[in-house]
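Read through the structure below, which is laid out as structure tokens, and then see the notes.
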Amino acid sequence: MNTSIAQPTTAPQQVKRRGVSKNRGAVIFFITPFAVLFSLFYIIPIFVAIYQSLLTVEREGTFGKPTEVFGGFVQYARVFQDDAFWASILRVAGFGVVQVPIMLGVALLLALLLDSPLVKGKRFFRLAFFAPYAVPGVIAAVMWGFLYSPNLSPFTAVTSEINFLGADLVLWSIANVVTWVFIGYNMIIIYSALLAIPSELYEAARLDGASQARIAWSIKIPLVTPAIILTSIFSIIGTLQLLAEPQVFKSFTSAVTSTYTPNLLIYSTASVPNVNLAAAFSVVLALLTFALSFTVLKLTQRKAD
Amino acid sequence: MSAPTTSAAKSTSVAKRLRGPRESLFSRAGAMLVMAICTFYFLVPIWWLFVAATKDRSDFISSAPLWFADFNLFQNIADLASYRDGLFFQWMLNSVLYAGAGAAIATLFATMTGYALAKYAFRGRETIFNIILGGVLVPATALALPLFLVFSQVGATNTFWSVFLPSLVSPFGVYLARIYASSSVPDELVEAARIDGSGEVRTFFTVSTRLMMPAMVTIFLFQFVTIWNNFFLPLIMLRDEELFPVTLGLYIWNSQVSQIPEIRALVIIGALLSIIPLIIAFLGLQRFWRSGLGTGALK
């Protein structure tokens, strides 16, 4: 089913002309359900969060009744002075700078190997590598939490020597869990893109005596760049939004605090409850995520053109 | 491996010219070694979970962790089913409902919208598409707290709907559907249906959805996994255990292990059972989603 490489047919004139006048009803029918839900659960929440982040709670005296009043950028001033928030941002940034390239590098390598004639038993390997993606982040973290624990782990020889749950290593133990879950997913996306490349493209290179490694480097990787961009953006989003894995690790180790990642901080701030400050954290985090993803998209697109 | 080495030297050289340099034994062995190491890395944790789920509490501590002791899998499942009136299976059912029904409806709505964006020219089309693309870049996790604020305004937190309704929106699904519809639903076919007197909506449901099936399966699976794995939204919305999806339930149990040690066995058997539906979904639908997945990555 390689329909994806079929020639995109440009819309014939008559479709366009009819589309504007006669098909308005159909377009409205097709778009309305999604548009309503998208407005209710994407757009309105964003505005509510922005609104809430501009409020502040005032009390009359220490035990007085709290009232919400408009506070302007008071909450944002707090966000920018909050060391724990910026420490958590720096932590996930460091995490992402190391984890994302390793994960995508291995995913690309495995996709290329699966696509090369070097490997037998492709079906088995494809399923084996993809299987962890069926494990939700929370469950994966619970599982690896057991594997890391000194007394329960099957690898006691290793875990009695190295403290995977200590303050020095726990971030990278979490990185390993995320990598374990998502390599296969990213590999499948890149691999599907590789399968869609017409094999005639390799023939000239083969006649010239190019090795598989050379074909991979000079033909395959440039052609799957869009897939790599897509996986990078999803990975960046995922890194900044880390929550489930560190949340689970909190019950295995005290090294993970309630301000360990931005989302953990948002959750603990909201349950204090200081909803207005939590809303401001959310808005700043969403903007950072959006800006970073958008930048990667624009930079890499320019390069690819 | 199949190239004849002794008799037909001539045909070998032809094959060689066609296939380029034969890959050396060295690079093939290297490739297989990488595959073997990765297989070990990916499968050992799942294997451990499976083995651990078959043990009773004393074997769990005393026996070899990566191999079976007495096979108590069914006893463990029975324990899980009787613990707190089978709360775990209520959670599994909730997850199936949240993810199954949610993903099915989300797929339908996303496909309709993507199709309309691909096949009809109308004013504001690109604006709508760009807003939806922006939605792809705003992660669902970032929306959890804002959604909580919205639902608490209308007093609807801690309800089934507070987790179910937001999961019906899949901006990435719209993006995939649009790309797929523009390349795999020929305008000529839509036009032919029109000439035959078929209405736009009927054409969509009878002709176009068939052509878009690989994309729809992909969108369904994406959304199913997203909802199944969703953790922040239920964590922030739900107080009532009866409404929990399985991920949140197991998380809560796992955080109680230090106070109630015997719950650990239930967490392990529960974790194993909770990944089975996704594995079945992937295996059953793989011939569809593999062809659909490449679509989003190609353009």
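The values are calculated or read from the model by the stated rules, or taken from the named source; none is laboratory data. The structure presented is a predicted model; accordingly, all values stated were derived computationally and were not measured. All Cβ positions, glycine included, derive from the backbone under ideal geometry; neighbour counts span all protein chains shown. For the accessible areas, the whole protein counts, side chains as well, though only heavy atoms, and no ligand, DNA or RNA atoms are used. Shrake-Rupley method; radii C 1.70, N 1.55, O 1.52, S 1.80 Å.
The Kirkwood radius of the range A:193-271, taken over pairs of alpha-carbon atoms, gives through the Stokes-Einstein law at 20 °C and 1.002 mPa s a diffusion coefficient of 133 µm² s⁻¹. For chain B, the membrane-span-like helices by this rule, meaning whole DSSP H stretches whose C-alpha atoms cover at least 30 Å of axis and whose Kyte-Doolittle mean is 0.5 or above, are B:25-53, B:263-298; this says nothing about an actual membrane.
Translational diffusion of the range B:58-204 was estimated from the Stokes-Einstein equation, with Rh taken as the Kirkwood radius over Cα pairs; at 25 °C and 0.890 mPa s the coefficient is 125 µm²/s. Between residue B:242 and residue A:22, the simple spin-label model (points 7 angstrom out along Cα→Cβ) gives 5.4 nm.
Computed over the range B:173-299, the range of Cα coordinates on each principal axis works out to 70, 28, 24 Å, biggest value leading. Screening chain A for whole DSSP H helices of 15 Å or more along their axis (Cα) with average Kyte-Doolittle hydropathy at least 1.6 returns A:24-38, A:83-115, A:137-148, A:170-195, A:225-240. Would you mind getting me the FRET efficiency between residue A:161 and residue A:250? Use the beta-carbon distance for r and R0 = 25 Å, nearest 0.05. In this case the efficiency is close to 0.55.
Can you give the extra length, in nm with one decimal, that the chain gains between residue A:84 and residue A:51 once fully stretched, where that is 0.36 nm per residue apart less the Cα-Cα distance?
Extra length from residue A:84 to residue A:51 when fully extended: 9.5 nm.
When A:295, B:159 are compared by accessible area at a 1.4 angstrom probe, the order from most to least is A:295, B:159. Going 7 Å from the Cα of residue B:32 in the Cα-to-Cβ direction, what parts of the range A:113-144 have a backbone nitrogen less than 13 Å from that spot? The answer is A:118-122. So what is Rg over Rh here for the protein assembly as shown, counting just Cα atoms and using Kirkwood for Rh? Radius of gyration relative to Kirkwood radius: 0.99. Residue-normalised convex hull volume from the C-alpha trace of chain A: 218 Å³ per residue. Length gained on full extension, residue B:259 to residue B:101: 53.3 nm, using 0.36 nm per residue less the C-alpha separation. For residue B:57 and residue B:285, the FRET efficiency from 1/(1 + (r/R0)^6), where r spans their Cβ atoms and R0 equals 35 Å, is about 0.40. Over the C-alpha trace of chain B, radius of gyration and Dmax come out as 25.6, 83 angstrom. Put simply, the C-alpha atoms of the range A:34-126 give a gyration tensor, and the ellipsoid matching it has half-axes of 49, 21, 10 Å, longest first. On full extension, the segment bounded by residue A:98 and residue A:214 gains 39.1 nm, given 0.36 nm per residue less the C-alpha separation. Under the simplified labelling scheme, the residue A:29-residue B:133 pair shows an inter-label distance of 2.9 nm, with each label point 7 Å from Cα along Cα→Cβ. Annotation for residue A:120 and residue B:152: the two label points, set 7 Å from Cα along the Cα-Cβ direction, are 6.1 nm apart. Centroid-to-centroid, using Cα positions, the range A:182-250 and the range B:167-193 are 24 Å apart. May I ask you to derive the FRET efficiency for residue A:168 and residue B:75 from their Cβ-Cβ distance with R0 = 30 Å, giving the value to the nearest 0.05? According to the calculation, E is roughly 0.15.
Amide H contacts of residue A:71 (H built 1.01 Å from N, in plane; Pro and chain starts excluded): A:55, A:56 sit under 5 Å, all sequence-distant by 5 or more or on other chains.
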